[in-house]
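The structure under discussion appears below in the form of structure tokens.
Every number in this text was worked out from the coordinates using simple rules, so none of it is lab data. Owing to the predicted nature of the structure, the values given are computational and were not obtained by experimental measurement. Here the Cβ positions follow ideal geometry from the backbone for every residue, glycine too, while neighbour counts run over all protein chains shown.
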Amino acid sequence: MCDDRESKIQTLRGQLVELASTIRKLDQSGLSSARAQLLLARKRAELEDLIKRGSPVLAPRNLPQAADRNRASPAALPFMTETVLTVIENSFRIAWDYLAATGELGDPDTAVSHLLDSIDIMVRGGERRQLLLANKAIASYRHLRAEQGLSLAS
């Protein structure tokens, strides 16, 4: 089982290196790398989740008995069982759908890149609430668009 997990981790790391190289090549050639960046973010989140799930420090079976009595059952806290990848995908989808519905989306490549970067930074900081992630990413994107509008006008 441990070998299988290690194998998956090594495979994901290899895929991340390949994707980063592909994104650099796309950027150098002037082509859109938005989809590759989205896939890269998903793979990074998947790797992070796989590493965290396999960590003996984080495994519930290694917690002291007293702590186990105070913990809520997973059924009582279903929102806490989502993977980082799911949190990122759902937050991105909420933000994207909202911006598309309100007509604020603008350039799709810029939107993908900025929304994912915003969400990724907050997730790396420990935030997992999808609606909050989406709302902050939307606010950040609106701020970016306002700055671009001002700089284009001057």
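For R53 and T102, a Förster radius of 41 Å and the Cβ-Cβ distance give a FRET efficiency of 0.65, rounded to the nearest 0.05.
Residues K43, K52 in ascending order of nearby Cβ atoms (within 10 Å, fewest first): K52, K43.
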